[in-house]
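Below you'll find the structure, written out as structure tokens, and then a few comments.
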Amino acid sequence: MSDTTNSARAQILNGIRRSLRRGELGGQQRQAVEQRLATPERGPIVARAQLPQAEKVALFCQWAEVNNATVARVEPRDVPAEVASYLARNNLPAEAAVAPSPLLGGYDWESQKLLVLRRGRAEGSDQVSITGAFAGIAETGTLVMASGPDHPVSLNLLPDTHIVVLRESDVVSGYEEVWAKLRDRYGKNNMPRTVNTITGPSRTGDIEQAMELGAHGPRRLHILVVRD
Amino acid sequence: MQSTAHDFKENVGTALADPNLQDSLAKLKVGFSERRRQAAERLPEFEALRDRARDIKNHALANLDFYLEEFERKVTALGGHVHWAPTAADARQIIGDLCKSAGARTVAKSKSMVAEEIALNEHLEGLGIAPIETDLGEYIIQLRHEPPSHIIAPAVHLTKDQVADTFLEHHAPLGFTKRLTERNDLVAEARYVLRQKFLEADVGLTGANFLVAETGSSMLVTNEGNADLSNTLPRMHIVLASIEKVIPTLEDAAVLLRVLARSATGQESSAYTTLNTGPRRDSDLDGPSQYHVVLLDNGRSSVLGTEMQDMLRCIRCGACMNHCPVYGAIGGHAYGWVYPGPIGAVLTPQLIGVDEAGDLPNASTFCGRCESVCPVRIPLPGLMRHWREREFERHLTPRAVRQGLALWSFLARRPKLYRRVTQVANRMLALFGRADGRYRKLPLAGGWTQFRDFPAPPAGGTFHAQWARHGGARVRP
């Protein structure tokens with residue numbers, strides 16, 4: 001850290017303390033805020049998503065469709081067939097960039113002879129991507145993606161069509177359960193570089209406030225909710 | 001950007017006479033506010049969430065130094081860098097230096113009001129670096145060399161036809177020579193043009209809706225996905241955020257997110273909410289290799305601990321302007337600087353001075369709709385009143401207003417005299433033409449009657465007279 005940075009930093013922090021008429025936090029006050037950080041308090045619970053797991057999954061599907069995603073509920077063995085069928089139904093090329101994840105690697109893609117898959121991050125020319133999801137939020141039909149070697153972020157954004165495979169057991173009520181799951185998986189001090197939460201396809205209301213799909217991210221979002 | 005807030009009255013005249021603007025504003029009045037009402041009704045917990053959101057921001061502000069240091073510690077531990085900018089000039093310098101160090105020719109920018117506040121684009125252009133606005137609304141106004149007119153819908157003042165003309169003019173050299181008439185075609189053309197720019201950009205610059213101290217994450221909320229392309233494709237990601245954006249934990253973010261989208265556009269959730277934490281990890285397949293956060297103060301720390309502190313709770317949803325009858329009549333440009341509407345009337349005098357922007361807190365009827373919809377319950381009319389008081393104390397209030405107020409306070413403290421004077425005034429008004437029910441012209445009220453008729457008082461005498469006749473009883477609903 002350079003001297004300039006140091007002095008700019010001190011200028012802002014001291015300015016804050018002067019305005020708040022106190023010095024650096026210490027003693028009990030400091031303990032209280034440290035405690036609040038260490039054990040986060042939840043806000044008011046949104047009742048509509050406090051449901052048994054099966055109903056939670058149904059609520060997720062309902063809200064995802066309200067938000068212009070499409071949903072197919074399938075058995076694990078039918079995932080490759082549903083992907084191929086979806087692409088054919090929508091006149092899309094049978095080619096996709098696929099996240100190199102163990103979950104997706106476990107499906108029998110060989111069963112779909114016409115489907116051409118490439119593992120890795122997205123390129124500008126990719127039309128279709130297939131990824132897993134870290135979680136699904138029932139409250140709003142939102143997908144949660146955690147970046148890592150098994151899930152490049154560009155797959156969520158660049159292609160026109162994004163196909164997501166979500167396991168029923170990964171559907172949770174609200175953000176709070178997602179945060180808990182993230183802390184479990186990655187540890188509190190080591191979040192993945194990017195956590196994308198995605199609610200329906202990309203959209204914009206910037207021309208006359210009318211929502212149009214496909215602004216910069218995918219125009220189509222198809223979610224395969226897989227029984228497990 | 002250069003302020004024209006001192007020309008507020010002139011700006012208002014221009015705005016009221018602009019038919020395209022008036023068409024656009026007519027849509028705004030029914031669009032956002034109706035959708036917000038429906039979204040709030042769908043969520044029984046909405047009011048409790050607003051209370052909690054207010055409390056979270058108050059707590060964060062009361063411990064701002066602590067949370068900023070925590071945030072910095074977490075960012076640094078994961079290989080990111082935090083830069084502290086006391087002033088707008090400091091922030092411009094830091095960002096310019098970072099872009100130069102990356103050898104940047106183009107910067108993909110995601111909409112940031114703080115970047116507007118510090119006039120970042122002009123600075124980058126001066127260094128020979130091209131900033132490319134990627135939010136569709138910002139892109140449109142960048143092509144037109146206009147400032148944003150709304151904090152979440154920067155091109156809300158434009159009609160589809162105006163956008164079509166702008167695209168034809170600027171995209172024709174790229175081979176798009178057909179004038180488009182459908183909104184989805186306009187969106188598709190912008191997507192195509194901007195996609196190339198994303199793939200070429202050296203630096204991605206975004207704002208932040210929240211900074212999470214617990215994890216060292218910056219949090220971004222968008223519908224288009226442009227912020228996410230900006231923070232994923234280029235090799236350097238710069239986050240520009242003002243210091244009051246920091247909140248303690250992810251749980252707090254969950255509360256604020258629930259009120260933000262509903263208050264802004266009436267959506268249950270925006271399409272993309274993204275947490276960025278540090279640069280790409282060794283095993284990642286994409287993402288920027290450098291991650292920088294620039295923390296801007298620009299006068300905010302001096303607002304802490306004053307009666308104006310509540311303005312720092314703002315989460316920039318735009319609900320106050322969507323519900324403001326004054327904004328609805330004049331749009332955002334008339335306010336003359338970056339932040340329009342009720343929050344602009346409160347922030348602008350703070351950020352650029354009450355001498356420059358003194359008219360803005362007076363541009364309110366104090367109807368209270370802004371406060372009633374604010375997700376963090378900022379008492380906006382109360383804050384505007386504070387500014388009016390400060391103007392009065394500093395003798396910035398126009399002489400006619402001061403004399404009028406002095407006369408009124410003289411009368412108001414003498415009830416008998418007050419009654420007699422108002423009786424006479426009431427009779428005079430009746431003489432002038434109660435028959436029409438309105439006045440086309442009225443002495444001392446030319447500012448009003450120049451644009452509209454003044455309603456005549458109903459028959460039956462002054463309020464006091466009518467009150468006495470009704471026995472002074474309270475009318476209960």
A:Ala88 hydrophobic (A, V, I, L, M, F, W, C), over 14 Å from A:Gly136 (Cβ atoms) and surrounded by fewer than 16 Cβ atoms within 10 Å (Cβ to Cβ): yes
Those residues of the range A:203-225 which are facing another protein chain (nearest Cβ under 7 Å), touching a residue at least 24 places away in the same chain (Cβ under 8 Å) and not in a loop (DSSP other than H, G, I, E, B), in sequence order: A:Arg203
The lone exception for B:Arg105 - which of (1) crowded, with 20+ Cβ neighbours inside 10 Å; (2) in contact with a strand residue (DSSP E or B) (Cβ under 7 Å, 6 or more places away or on another chain); (3) charged (D, E, K, R) it fails: (1)
Members of the range B:131-151 found to be more than 11 Å from chain A (Cβ to nearest Cβ) and of a type in the set (A, V, I, L, M), listed by number: B:Ile132, B:Leu143, B:Ile151
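Could you tell me whether B:Ala89 is surrounded by fewer than 22 Cβ atoms within 10 Å (Cβ to Cβ), more than 11 Å from chain A (Cβ to nearest Cβ) and at positive phi?
On the way: surrounded by fewer than 22 Cβ atoms within 10 Å (Cβ to Cβ): yes; more than 11 Å from chain A (Cβ to nearest Cβ): yes; at positive phi: no.
Criteria not met by B:Ala89.
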Failed item in (1) crowded, with 22+ Cβ neighbours inside 10 Å; (2) assigned to a helix (DSSP H, G or I), with B:Val82 passing the rest: (2)
Test for B:Asp355: is it in contact (Cβ under 8 Å) with a residue 40 or more places away in the chain, assigned to a helix (DSSP H, G or I) and surrounded by 18 or more Cβ atoms within 10 Å (Cβ to Cβ): no
From A:Gly106, A:Gly27, residue being out of contact with any Lys or Arg (no Cβ under 9 Å at 6 or more places or on another chain), among the small types (Gly, Ala, Ser) and on the phi > 0 side of the Ramachandran plot: A:Gly27
Members of the range B:378-397 found to be surrounded by 13 or more Cβ atoms within 10 Å (Cβ to Cβ) and in a loop (DSSP other than H, G, I, E, B), listed by number: B:Ile378, B:Pro379, B:Leu396, B:Thr397
Hey, B:Val30 of a type in the set (Val, Ile, Thr) and in contact (Cβ under 8 Å) with a residue 60 or more places away in the chain or not: no
Scan of the range B:122-164 for residues that are among the hydrophobic types (A, V, I, L, M, F, W, C), in the same structural domain as B:Leu229 (by TED's automatic domain parsing) and over 20 Å from the mean Cα position of the chain (by Cα), ordered by number: B:Leu124, B:Leu127, B:Ile129, B:Ala130, B:Ile132, B:Leu143
Only one of B:Glu214, B:Glu244, B:Glu146 that is charged (D, E, K, R), out of contact with any Lys or Arg (no Cβ under 8 Å at 6 or more places or on another chain) and more than 20 Å from A:Gly214 (Cβ to Cβ): B:Glu146
Answer from B:Pro361, B:Pro375 - the residue that is closer than 30 Å to B:Thr159 by Cβ and either crowded, with 22+ Cβ neighbours inside 10 Å or hydroxyl-bearing (Ser, Thr, Tyr) (or both): B:Pro375
Selection within the range A:46-58 - within 14 Å of chain B (Cβ to nearest Cβ) and touching a helix residue (DSSP H, G or I) at 6+ places or on another chain (Cβ under 8 Å): A:Val46, A:Arg48, A:Ala49
The range B:100-123, residues that are away from every other protein chain (no Cβ under 14 Å), over 21 Å from B:Asp297 (Cβ atoms) and either among the hydrophobic types (A, V, I, L, M, F, W, C) or in contact with a Cys (Cβ under 6 Å, 6 or more places away or on another chain) (or both): B:Ala102, B:Ala104, B:Val107
Residues being in contact (Cβ under 8 Å) with a residue 24 or more places away in the chain and of a type in the set (Lys, Arg) - total across the range A:83-122: 1
Residue list for the range B:323-345, filter: part of a helix (DSSP H, G or I) and within 10 Å of the chain's Cα centre (by Cα): B:Gly341, B:Pro342, B:Ile343, B:Gly344, B:Ala345
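Listed here are the residues, each with its yes/no results for (1) assigned to a helix (DSSP H, G or I); (2) in contact (Cβ under 8 Å) with a residue 24 or more places away in the chain; (3) surrounded by fewer than 13 Cβ atoms within 10 Å (Cβ to Cβ).
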residue: A:Gly23; (1), (2), (3): no, no, yes
residue: A:Gln28; (1), (2), (3): yes, no, yes
residue: A:Arg48; (1), (2), (3): yes, yes, no
residue: A:Leu51; (1), (2), (3): no, yes, no
residue: A:Ala64; (1), (2), (3): yes, yes, no
Residue match in the range A:164-173 (condition: surrounded by 18 or more Cβ atoms within 10 Å (Cβ to Cβ) and at the interface with another protein chain (Cβ under 10 Å from one of its Cβ atoms)): no
Filter pass, A:Pro80 being surrounded by fewer than 17 Cβ atoms within 10 Å (Cβ to Cβ) and free of Cβ contacts under 8 Å to residues at least 60 places away in the same chain: no
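The values are calculated or read from the model by the stated rules, or taken from the named source; none is laboratory data. The model shown is predicted, which means the values in this text are computed figures rather than measured ones. Backbone-built Cβ (ideal geometry, glycine too); neighbour counts: all protein chains shown.
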